[in-house]
């Protein structure tokens, strides 16, 4: 099979061809490795998706020869913040430049154990803090649909790589929307599972009560397949959970009997007209497939962003205390005492957004302000989770646009952090509630992809993937135009 | 606050950050409008009971591997400047 033919296949289709003996996993790996390497070598002329690409042969990244395993030797791009033994794991930060971890994250180890071959590490916002991938110490990633625009973030490199056909699929992480929003802005599928479904062991932490790994793929079937090989309890992550049933391949063609709730709070003010149009078009398709559409209320959702920007920075300020220049990573060159070494190291190693969030979190946790900020935000989180529980008594899923806007221009929001934060408006409520949510492309606005978000109760992954699959087939979105 | 966070910041950075953080805090302050009396805080969303494992010794990261990425090492440990240099 030619490289051009391989590129047209989804991961599931490639696996079927491998199983039929028409294709070898190593061929797929070789085709994508060459494309990824070209992007890496192109520097500013490319999309800057990768911080590391596997060598052709030899090293740990070389493709396994055993195509009989479930993932058949297919290449996998992995967000930089997953620890991968033998490959740099830098979380988009100067602080961790060149860092080689002593072990591999459980999610990655499970996938390579199932036969995936590590293709590349993907560029991301520093420590996953950002919605545009402009906060990376290794430069911004460009959106393959329009190189003047951002791919979203923080899993921007993973999303752009899959959309551009530089990787068949990728691993990302989502804290407040970091899988779903870039998937939406790049016209691919991205899924954040129920909190706890995928082990966080070996994921370089941002906000531990929210961080969750998930797939970024070309279609829903691929998302289900990749997720099915990642999930499961892990003795190294005490918050990980066993899924009641394995993740299966989605097959539904109808939405008969499925009730979709549309919350007015996340589908009104602030959502671009073109985005709303594509969203409503998808709702019409869902209705044609038999779904019932109902208005629902999430009264506390408008406060989710405020609560999130207290809780996530608070957790980050604590998690990032470890970057002190002692055990690993950057150490500033200073003649001063220990305290000066700490403060200079952290000044030199962190970018502006990370410093902002550390400061915000330190403030929110400080004595005298703790109750007003952190304590209140935790109570808002309770109310948001209750809102969803109430709504799921009457509907199966809550649907919204994934992002209020299409991909914005590079530099457009960097001067105003709050405007950047607002791009997570529709994704943060589900993160705070810990429930699963995914984004599928539902059309174009101004020639740019629009994401349709489906969220459901905890552990509803199989039903959600089925519903997303049925809608995806009816929508027939073609992402081929972004492949470079 | 920067001292508490162990962050050195220039005068210029402090000025920009104070402005940006004030805008974010103004937005965040909206949660002050909600009536949250009697609402329990949520620190963890999924119901979990303590995950326990048998208390048996097992090998840890070998010393040389733990030290491999350290900026400065001496006598099998991490070397840091004196607190009173």
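What ranking of A:256, A:317 emerges when the number of other C-beta atoms within 10 Å of each C-beta is taken as an exposure proxy, fewest first?
Working: A:256 11, A:317 23.
Fewest-to-most Cβ neighbours within 10 Å comes out as A:256, A:317.
Taking the Cβ-Cβ separation of residue B:35 and residue A:352 as r and a Förster radius of 45 Å, what is the calculated FRET efficiency to the nearest 0.05?
So the FRET efficiency works out to roughly 0.80.
Please work out the FRET efficiency for the pair residue A:280 and residue B:52, using the Cβ-Cβ distance as r and a Förster radius of 51 Å; give the result to the nearest 0.05. Please list the in-between numbers first.
Details: r = 50 Å, r/R0 = 0.98.
Efficiency at R0 = 51 Å is approximately 0.55.
Normalised by the number of residues in chain A, what is the relative contact order in percent for Cα pairs under 8 Å and 6+ residues apart? Mind showing how you got there, number by number?
On the way: 1190 pairs, mean separation 82.4, N = 484.
RCO, chain A: 17 percent.
Just tell me how shielded A:311-322 is by partners: mean number of partner chain Cβ atoms within 10 Å of each residue's Cβ, no decimals.
1
What is the angle, in °, between the Cα long axis of helix B:11-28 and the longest principal axis of the Cα atoms in chain B? Nearest 10 is fine, range 0 to 90.
60
Quick one: among B:39, B:28, B:73, which has the greatest mean-square fluctuation in a GNM of chain B with alpha-carbon springs under 10 angstrom?
For chain B, modelled as a Gaussian network with Cα springs under 10 Å, the answer is B:73.
Could you state the number of Å between the C-alpha centres of segment A:293-354 and segment A:90-138?
Between the Cα centre of segment A:90-138 and that of segment A:293-354, the gap is 17 Å.
Pick from B:36, B:67, B:21: which residue has the top mean-square fluctuation in a GNM of chain B where Cα pairs under 10 Å get a spring?
Comparing B:36, B:67, B:21 in a Gaussian network model of chain B, the most mobile one is B:67.
Obtain the radius of gyration and the Kirkwood radius of segment A:237-353 from its C-alpha atoms and give Rg over Rh.
Ratio of gyration radius to Kirkwood radius for segment A:237-353: 1.21.
Could you order the peptides A:306-314, A:291-299, A:113-121 from most to least packed, using the average number of other C-beta atoms within 10 Å per residue? Write down the numbers at each step before the final one.
Working: A:306-314: 27.1, A:291-299: 16.2, A:113-121: 24.9.
Sorting A:306-314, A:291-299, A:113-121 by mean packing, highest first, produces A:306-314, A:113-121, A:291-299.
How long are the semi-axes of the equivalent ellipsoid of chain B, taking √(5λ) for every eigenvalue λ of the Cα gyration tensor, in whole Å from largest down?
Value: 39, 31, 10 Å, ordered largest first.
Could you work out the mean count of beta carbons from other protein chains within 10 Å of each residue's beta carbon in B:17-28? Let's see the in-between values first.
Working: counts 6, 1, 0, 9, 7, 0, 4, 10, 8, 1, 6, 16.
The per-residue average across the peptide is 6.
Pull out the extension gain between residue B:43 and residue B:75, defined as 0.36 nm times the separation in residues minus the alpha carbon to alpha carbon distance; nm, one decimal.
Taking 0.36 nm per residue and subtracting the Cα distance, the gain is 7.4 nm.
Using all C-alpha to C-alpha distances in the protein assembly as shown, build P(r) with 10 Å bins and read off the rounded percent in each one.
4, 19, 30, 28, 15, 5, 1, 0
Over segment A:84-143, what number does the Rg to Rh ratio reach, with both radii from the alpha-carbon atoms and Rh per Kirkwood?
Taking Rg over the Kirkwood Rh, I get 1.01.
Using packing as a proxy for protection, rank A:127-138, A:186-197, A:329-340, A:386-397 so that the peptide with the highest average count of other Cβ atoms within 10 Å comes first.
Order by mean packing, descending: A:186-197, A:127-138, A:386-397, A:329-340.
Please report, in whole Å³, the volume per residue of the convex hull around the C-alpha atoms of segment A:384-480.
109
For segment A:305-410, what ratio Rg/Rh do Cα atoms give with a Kirkwood hydrodynamic radius?
Ratio of gyration radius to Kirkwood radius: 1.14.
For A:430, A:341, A:276, what ranking results if the residue with the fewest other Cβ atoms within 10 Å of its Cβ goes first?
Working: A:430 29, A:341 25, A:276 16.
Going from least to most buried by this count: A:276, A:341, A:430.
Compute the FRET efficiency between residue A:446 and residue B:66 as 1/(1 + (r/R0)^6), taking r as their Cβ-Cβ distance and R0 = 41 Å, and round to the nearest 0.05.
Taking R0 as 41 Å, the efficiency between residue A:446 and residue B:66 is 0.20.
Quick check: Cα centre of segment A:1-48 to Cα centre of segment B:8-57, how many Å?
Here the answer is 42 Å between Cα centres.
Just counting partner chain Cβ atoms within 10 Å, what average do the residues of peptide A:383-392 show around their Cβ? Don't skip to the end; give the middle numbers.
Details: counts 6, 2, 2, 2, 0, 0, 0, 0, 0, 0.
The per-residue average across the peptide is 1.
Bear in mind that the values in this text are calculations on the coordinates, not laboratory data. For clarity, every value in this text was computed on a predicted model and none was experimentally measured. Neighbour counts run over all protein chains shown; Cβ positions are idealised from the backbone, glycine included.
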